[in-house]
Structures are given as C-alpha cells and as structure tokens.
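As structure tokens, the structure follows; a few thoughts come after it.
The numbers here are math on the coordinates, done by the rules we state, and not lab data. Keep in mind the model is a prediction, meaning the values are calculated, not measured. Cβ: placed from backbone, ideal geometry, glycine included. Neighbour counts: every protein chain shown.
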Amino acid sequence: MLDLADGLIEKGLDPFDIMERDREHLWERFFLEICGLDYEISYSSHGKVISREILEDHLDEILDYINKFKEIAGDSLLRPKPPNYGSWVTYMDDIYIGYQILGLLILYTNAKMPYEVYDAILYSTTWEYDKTRIWSESYAEQRKKNLEVFQNLVIMHKSNEKS
C-alpha cells in the first residue's frame, strides 16, 4: 500500500487518515478481490498491484455491489451474515466509507471516476457530514485539512478527465 500512497502523500493527502474508517480493510479487500487480486499478495513485494486497466475493467461490477449494499444498509434482517459480501455494511455511512476507499484506488491508479463515486465522496467528506463521526477535538483540525485535500484531489481528477 505504501507504494500506491506515495503519490498522494506528495500531493499533501494522508490516505491512511481516509482509510482509518476501513480499519479491517474490508472494503479494500473486497474491491481487490472483485478485480481478481489477493489483498495480501497484492501488497507484498512480489504481488500484482492494481492498475488502471484492472480497476476500470471491474468498476461496473464494484458499483453494482455498492448499490446492492445500499439496499441492505440499516436493515439487519437483509444484511448477509459474515463472511459473506456486505456483512460489514450496517449503515449508510459504511457505504460512504466504501466510496472513499474506491476513490483512493481511483486516484492511485488514475482510473476514470464515475460521477456516483465523485458525488458520494464530495458529500461525505464535508466537515458537516464527517464531524458526525465524532473525532477528538485535538484531531479535528487535522482531519478537516485532510478532507479538504482529498476533496480537491477528487475535483482535480474529475476535471482532468474532461480535458
């Protein structure tokens, strides 16, 4: 993961701060698995790292799953039991975390960013939304700045797709 993160760190983003909400890397593992990659092997020194082509080839499938997960968010009766896909989706906030992790992978690989991902990231990284996650007072300013950098990188990425 460090190799992928280097480019974003150079642009002022702390991607590990964004990934903090995906503590067990459930979304990241899930996305890599859909792309036919093994999480453990992908980040070892000999693994096949996700590329733009691999991610773009699987984006529609990833978004289909996220949309299915939206239907189960908040409904414990519909939620699959572990270890099935989506068992970690308990609230709509979990969906937004998934979009943010997908957004990081898109930024890492320079893949096309679907509007659905763009819109969800811009919404869920506003301070008005993010502060509901109750961050410590000493950490809040750092988090606000990092969210702003993330938003700006997403906006620049999307605007560069059009040119």
Report the extension gain between Y129 and Y91 in nm, rounded to one decimal, defined as 0.36 nm multiplied by the number of residues separating them, less their alpha carbon distance. 12.3 nm
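At a Förster distance of 30 Å, what's the computed FRET efficiency of F16 paired with K68, Cβ-Cβ distance as r, to 0.05?
E(calc), rounded to 0.05, equals 0.60.
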Each label point is 7 Å from the Cα along the Cα-to-Cβ direction; what then is the distance between the points at I9 and H25, in nm? 1.6 nm
Suppose we look only past 19 Å in the calculated P(r) of the stretch 92-144. What percent of the Cα-Cα pairs does that tail hold? 33 percent
Exposure proxy order (Cβ contacts within 10 Å, fewest to most) of F30, F150: F30, F150
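What list do you get for W88, W27, W135 if you sort them by fewest beta carbons within 10 Å?
By the 10 Å Cβ count, ascending, the order reads W135, W88, W27.
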Subtracting the Cα-Cα distance from 0.36 nm times the residue separation, let me have the gained length for K112 to Q142 in nm, one decimal. 8.0 nm
Give K70/K145; K11/K144; K112/K144; K11/K145 a once-over and call out the pairs whose C-alpha atoms are over 22 Å from each other. K70/K145; K112/K144
Which shape class, rounded, prolate or oblate, goes with the chain when its Cα gyration tensor gives a ≥ b ≥ c as root eigenvalues, a/c under 1.5 marks rounded, and past that a/b bigger than b/c marks prolate? rounded
About the Cα centre of the chain, what is the dipole size in debye to 20, counting +1 per Lys and Arg Cβ and -1 per Asp and Glu Cβ, all else neutral? 220 debye
Enumerate the helices in the chain for which the Kyte-Doolittle hydropathy averages -0.5 or more and the C-alpha atoms extend at least 15 Å along the helix's axis, using complete DSSP H runs. 92-109
If V49, V117 are placed from fewest to most neighbouring beta carbons inside 10 Å, the sequence is V49, V117
Would you be so kind as to identify which of T126, S51, M19 lies farthest towards the positive end of the dipole of the chain, taking Lys and Arg as +1 and Asp and Glu as -1 on Cβ and the Cα centre as origin? T126
